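K.L.:
Structure incoming, see below.
The values are calculated or read from the model by the stated rules, or taken from the named source; none is laboratory data. Since the model is a prediction, treat every value here as computed from it, not as a measurement. Because the Cβ atoms are built from the backbone with ideal geometry, glycine has one as well, and the counts that use them run over all protein chains shown. These accessible areas exclude ligands, DNA and RNA; they are computed on the full protein's heavy atoms, side chains included. Shrake-Rupley method; radii C 1.70, N 1.55, O 1.52, S 1.80 Å.
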Amino acid sequence: MTSTGLWTRMVHAGEGRQAPLGRPVATPIYATAAFTYDSMEDVDKVFSGQGGDYVYTRHGNPTVAAFEEAMSILEDGEGACAYASGMAAMHAALFACDLTPGSTVLASQDLYGATLGLLDHVFAAAGVQTVTADFCDLDDVREKTLGAKPKALIAETLSNPLLKVCDLHGCALIAKEAGARLVVDNTFASPFLCQPLTLGADFVVHSATKYLSGHGDSMGGVVVARRAQDLKALAKVMKLVGGVLSVWEAHHLLRGIKTLGLRLERQCDNARQLAGLLREDARLARVHYPARSEAAASGLLDRVLRQPHAGALVSIELKDNTRAAAFRFMNALKLCVRLTSLGDVATGVSHSASSSHREVPPETRARLGITEGLVRISVGIEDVADLHADISQALAASVGLVK
Ligand SMILES: *Cc1c(COP(=O)(O)O)cnc(C)c1O
C-alpha cells in the first residue's frame with residue numbers, strides 16, 4: 001500500500017483487513033454494496049446460489065439477514081424478506097400470492113388506507129380487482145370468498161383506528177377451503193402479541209417502522225412466510241423491484257426487537273389504565289379499546305392476542321364529534337405528540353379522518369364509524385398519570401373554547 005500513489009491509497013487504505021478472531025457480540029452494520037472473493041470461481045459459485053453467501057446488497061446483506069432471521073423466528077415462519085417500508089413489504093406479499101390479470105383480492109374494509117390505495121391503483125392497473133368485506137364478520141368473509149373466488153385474503157390483526165379484533169384462524173380456514181392465501185398485516189399487534197402464522201396465515205406483513213423500531217427513528221418492512229417455497233417469490237421482488245431495507249435501518253430494527261416485549265408490556269399496561277380512566281370522562285362519547293369489546297366478551301381476544309394484553313392503542317371519540325373539536329383537542333396537547341405513526345415509546349395521537357383515511361370518501365368513513373371527532377392514541381411508556389393529565393387538560397381546553 002505504501003508503494004502506491006496517494007489517490008490509490010485514499011481509495012484502498014484501511015479496507016480488506018482480515019476478519020477479527022473474536023466474533024462481535026452485536027451484528028455489525030455491513031455497509032457495503034458488494035462483496036468480493038479471492039477468485040472468480042468463488043464469485044461464480046456464490047452467484048449460482050450455493051452456500052448462501054453474499055455478492056451484492058440488493059440480493060442480500062448480513063445485517064439485513066440478521067433482522068430477517070430474527071423476524072422469522074419471532075413469527076414462527078420458514079423465512080423472511082425485509083424491505084424499505086411496510087408498503088414495499090405489502091406489495092411483495094401480494095406479488096407472492098401469484099396474482100395475474102383477472103385475479104381478485106378480498107380485502108378487509110378496514111385495511112390501512114395505503115394498502116387499499118396500493119390495491120386500487122397499482123394492482124388494479126395490473127388487472128387485479130379488489131372486493132372488500134367486513135373481516136370481523138366471518139359470514140361476510142365466507143360469502144364474499146365463495147362469490148369472488150379471490151386468490152388472496154388480506155386481514156389486519158387489529159383494525160385501524162377502531163381496534164376491532166380479527167378472527168385470524170377463522171379467516172385462515174375460509175382461505176384454505178377456497179384455495180386462497182391469507183396475508184395478515186400484524187403491525188398493530190407485533191409478534192409479541194400475536195403470531196398469525198400459527199393461526200393459519202400464509203404471510204405476515206409488518207411495517208417495522210412502528211412497534212419493531214419503537215423509537216420513531218427508522219423505516220422498514222418485512223414479510224414472513226409460513227412455507228419455504230414462498231420465499232423465492234418474496235426474494236424476487238426484493239431483487240428486481242429493489243425496495244430493499246437499508247443496513248442502517250436493519251441495525252436499528254434488530255436492536256429495537258430486543259426490547260419489544262419490555263416496551264409493549266408497559267405500553268399495554270398504560271393503555272389499559274388510560275382506557276379505564278378515559279371511559280369515566282364525560283367529554284368523550286366513546287372509547288375504543290379491545291378489552292372492552294365484543295371480541296373480549298366472546299373470547300376471541302384471548303385466542304388472538306397474548307393475554308392479559310389488549311394492545312397498546314386506544315381510540316377516543318369526542319362528544320363534540322367534529323373535526324374542529326378534534327383539532328382543538330389535539331392542538332392543546334402538550335405531552336402527547338401529534339403524528340401519523342404509532343408504536344413509539346412516546347405517546348402519539350393521530351386524526352384518522354384527515355390522515356390514514358383521508359382518501360376514503362366521507363360517506364364510507366361515516367359508514368365505517370371513522371367519525372370526524374375520532375382520535376387514535378398510540379400509548380407510550382411514560383407515566384400514565386402524566387398522559388391522563390395531558391389528555392384531560394386538552395379536553396378541558398378544547399371544550400372551553402366552544403361557544
Ligand atoms: C404504517 C403502516 C403500514 C405502512 O408501513 P410504512 O412503513 O409506512 O410503509 C402498513 N400497515 C399498517 C397497519 C401500518 O400502520
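K.L.:
Are any residues in the range 137-164 among the aliphatic types (A, V, I, L, M) and open to solvent by less than 10 Å² (accessible area, probe 1.4 Å), and if so, which ones? First the steps, then the outcome.
P.N.:
Keep residues of the range 137-164 that are among the aliphatic types (A, V, I, L, M), which gives 138, 141, 146, 148, 152-155, 158, 162-163.
Of everything in the range 137-164, those that are among the aliphatic types (A, V, I, L, M) and open to solvent by less than 10 Å² (accessible area, probe 1.4 Å) turn out to be Val141, Ala152, Leu153, Ile154, Ala155, Leu158, Leu163.
K.L.:
Taking the conditions exactly as written (under 24 Å from Arg365 (Cβ atoms) and not assigned by TED's automatic domain parsing to the domain that holds Gly214), does Leu318 satisfy them or not?
P.N.:
Considered against the rule, which asks whether it is under 24 Å from Arg365 (Cβ atoms) and not assigned by TED's automatic domain parsing to the domain that holds Gly214, Leu318 comes out as yes.
K.L.:
Val304 versus (1) without any contact (Cβ under 8 Å) to a residue 24 or more places away in the chain; (2) within 22 Å of the chain's Cα centre (by Cα): which is the lone unmet condition?
P.N.:
(1) is the only condition that Val304 fails.
K.L.:
Next question. What do you reckon, is Ala250 under 17 Å from the mean Cα position of the chain (by Cα) and more than 13 Å from the ligand (Cβ to nearest atom)?
P.N.:
For Ala250, the condition - under 17 Å from the mean Cα position of the chain (by Cα) and more than 13 Å from the ligand (Cβ to nearest atom) - is met.
K.L.:
Still on this model: Looking only at strands (runs of 3 or more DSSP E) that fall completely inside the range 68-178, which ones have 1 or more residues that are under 16 Å from Val204 (Cα atoms)?
P.N.:
Output list reads 79-83, 104-108, 152-156.
K.L.:
To continue, here is another question. Could you tell me which of the residues Val183, Val105, Val141 is away from the ligand (no atom under 16 Å from the Cβ) and hydrophobic (A, V, I, L, M, F, W, C)?
P.N.:
Val141
K.L.:
Tally time: how many residues in the range 186-219 are of a type outside the set (A, V, I, L, M, F, W, C) and more than 10 Å from the ligand (Cβ to nearest atom)?
P.N.:
Of the residues in the range 186-219, 11 are of a type outside the set (A, V, I, L, M, F, W, C) and more than 10 Å from the ligand (Cβ to nearest atom).
K.L.:
Okay, moving on. When both residues are 6+ apart or on different chains and their Cβ atoms are under 7 Å apart, which pairs have a first residue that lies in the range 350-379 and is more than 23 Å from Tyr211 (Cα to Cα), and a second that is open to solvent by 30 Å² or more (accessible area, probe 1.4 Å) and charged (D, E, K, R)?
P.N.:
Glu372/Arg323; Gly373/Asp320
K.L.:
Yes or no: the range 48-66 includes at least one residue that is among the aromatic types (Phe, Trp, Tyr) and within 16 Å of the ligand (Cβ to nearest atom).
P.N.:
Taking every residue of the range 48-66 in turn, none turns out to be among the aromatic types (Phe, Trp, Tyr) and within 16 Å of the ligand (Cβ to nearest atom).
K.L.:
Please state which of the following conditions Asp76 fails to meet, knowing it meets all the rest: (1) open to solvent by less than 40 Å² (accessible area, probe 1.4 Å); (2) at positive phi; (3) in contact with a Ser or Thr (Cβ under 8 Å, 6 or more places away or on another chain); (4) not polar (S, T, N, Q).
P.N.:
Condition (1) is where Asp76 drops out.
K.L.:
Can you tell which of Ser39, Ser3 is open to solvent by 60 Å² or more (accessible area, probe 1.4 Å) and hydroxyl-bearing (Ser, Thr, Tyr)? Break it down stepwise before answering.
P.N.:
Working: Ser39 fails: open to solvent by 60 Å² or more (accessible area, probe 1.4 Å).
Unique residue meeting the criteria: Ser3.
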